[in-house]
Amino acid sequence: MAEIKAEKFEKVLTKYVDQEGSASLDFYRSHGGYEAAERVLKELKPDEVIETVKDSNLRGRGGAGFPCGLKWSFVPKDTDKPKYLVVNADESEPGTFKDRVIMERDPHQLIEGSLISAYALDSHICYIYIRGEYYDAFLAMQKAIDEAYEAGILGENVLGTGFRLDMTMHRGAGAYICGEETGLLSSLEGKRGLPKIKPPFPAVEGLFRCPTVVNNVETLSCVTHIFDRGVDWFKSIGPPEGPGPKLLCVSGHVERPGTYEVPMGINLLDLVNNHAGGIWKGNKLKAIIPGGSSAKILAAEECDVGMDYESLAAKDTMLGSGGVIVIDNKTDMVEALYNLLRFYAHESCGQCTPCREGTGWLQKICGRILHGDGRPEDPDMMLDLSKKMCGRTICVLADAAAFPCESIVSKFRSEFDEKIAAGDGHERTVHLGGPLVQPGALSAHNQERLDELQGGH
């Protein structure tokens, strides 16, 4: 693959986010906003829009990387049921915060991309399912939607074309599982956010058992620019199998954490060193999780790799949600893994036994290693458990916990063995199945209550 040069790359998704008033309709229209949507609705047929997106090779930016146009083509044409477009703005993957930037600073490009997409799908209702914690983003999006209605960009007669589209915001309640598209749809229906067995896939039977397309915020924003600048422009950026601009979130032990718009395929070390300012405090690189917390970890010597779907797959990891978590050489990898496993055990919806029990046991085993109670067989037990969890559940949350566990234990096995060998030299803790309770951390009243629950011990 040819080397991807970022210095000649022109930002589009975040081009205006640092400018005053960038979230307003007036600002957006003054920079050509909604011109692409108007051309599409007046000059192209829905099938032509779908074929254009197919030709662009746009792949979903939410995690799975599924071809966007292909997903749209699965929606049945001859149905008397309503068709829904649902925007997945439930950005809950640890290490990921890119969609928030778009919604807070340039919400109209998301609305325009959603409008074009809804027209292609012959959908007249669009829901934006937004993470409940994103209150500022919710307010910005709602204001933008209100502006669009007032300007005739949403509603009964979109841009004077006769097309109708209504758009509604829906706030989630902080459940990681609702980032999974069928769990999201269950929540949107007013039910508990439990993933559903597929097939049928949402494109055939989704929201309210009607054809539904679920797309990520960044994905739909890319649609805007495909029709504004053209397919050839989009395909000229990055590898042909999955081109375009990409938002990557860099967090962890770097000097300048943040969201960076770069060409798909940028070298991971280039991203960390030249964009995010390198490893903080003069420390050295130890590892990177390249695609949000559910991606397999890369050790330092593996990080000379392009940030695209195929290159990362060749390293047995994934681009995922684009959450790049950088880890320095001062980090205790047992502690880092425990932190991740505690999250997944807490967020498991409990519907599937391998996930419900597996995430809990991975947390407990890693916890006892971390705090001096580990057994020599524990690392192998964690590896075996991780393998048995994968591919055996309705959704991939079990896999999301197993992937980092398997990769961290395998690549940093010596740290686990050293902790186990140290044994009682580590601080003892009280295990309650949830977060660890450190001695002395509780108030006198709560400590008394805890002693009662444990039978006075």
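Below are the figures for this structure:
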item: Simple spin-label estimate for D380 and R413 in nanometres, 7 Å along Cα-Cβ; result: 1.0
item: Relative contact order (%) - criterion: Cα under 8 Å, at least six apart; region: the chain; result: 15
item: Ranked E51, E261, criterion: other C-beta atoms within 10 Å, fewest first; result: E51, E261
item: Cα-based shape type of segment 85-238, given that a ≥ b ≥ c are square roots of the gyration tensor eigenvalues and the cut on a/c is 1.5; result: rounded
item: Listed residues G278, V254, I116: farthest to the positive end of the dipole of the chain (Cβ charges); result: I116
item: Alpha-carbon centroids, segment 19-38 and segment 348-366: separation in whole Å; result: 47
item: Extreme residue, positive dipole direction of the chain, given options T331, F97, T353 (C-beta unit charges); result: T353
item: For segment 139-191 versus segment 210-227, the gap between their alpha-carbon centres in whole angstrom; result: 13
item: Under 30 Å, Cα to Cα: Lys pairs in segment 175-283, sequence gap 8 or more or different chains; result: 4
item: Local electrostatic count, I130, Cβ distance below 13 Å [Lys/Arg +1, Asp/Glu -1]; result: -3
item: Net charge of neighbours whose Cβ lies under 9 Å from the Cβ of R61, counting Lys and Arg as +1 and Asp and Glu as -1; result: +1
item: Mean separation of Cα contacts under 8 Å, 6 or more apart, over the residue count of segment 333-425: relative contact order %; result: 36
item: Long-range amide H partners of Y84 with built H, under 5 Å; result: T212, V213
item: Proxy reagent accessibility, fewest Cβ within 10 Å first, across I145, I111, I125, I288; result: I125, I145, I288, I111
item: Net charge of neighbours whose Cβ lies under 13 Å from the Cβ of A173, counting Lys and Arg as +1 and Asp and Glu as -1; result: +1
item: Dipole magnitude of segment 245-328 about its Cα centre (Cβ charges: Lys, Arg +1; Asp, Glu -1), debye to nearest 20; result: 260
item: Part-to-part distance (alpha-carbon centres) for segment 90-114 and segment 273-290, which is given in Å; result: 25
item: Dipole magnitude of the chain, debye to nearest 20 (Cβ charges: Lys/Arg +1, Asp/Glu -1, about Cα centre); result: 560
item: Estimated [θ] at 222 nm from DSSP helical runs (n ≥ 4, -39500 (n - 2.57)) normalised by residues in the chain, nearest 500; result: -12000 deg cm²/dmol
item: Estimated FRET transfer efficiency when R0 is 51 angstrom, pair F27-A314 (beta carbons, to 0.05); result: 0.75
item: Segment 17-97, relative contact order [Cα under 8 Å, separation at least 6], %; result: 14
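Each value in this text was obtained by applying a stated rule to the coordinates, not by laboratory testing. Everything numeric in this text was worked out from a predicted model, so none of it was measured. Note that each Cβ is placed from the backbone with ideal geometry, even for glycine, and that neighbours are counted across all protein chains shown.
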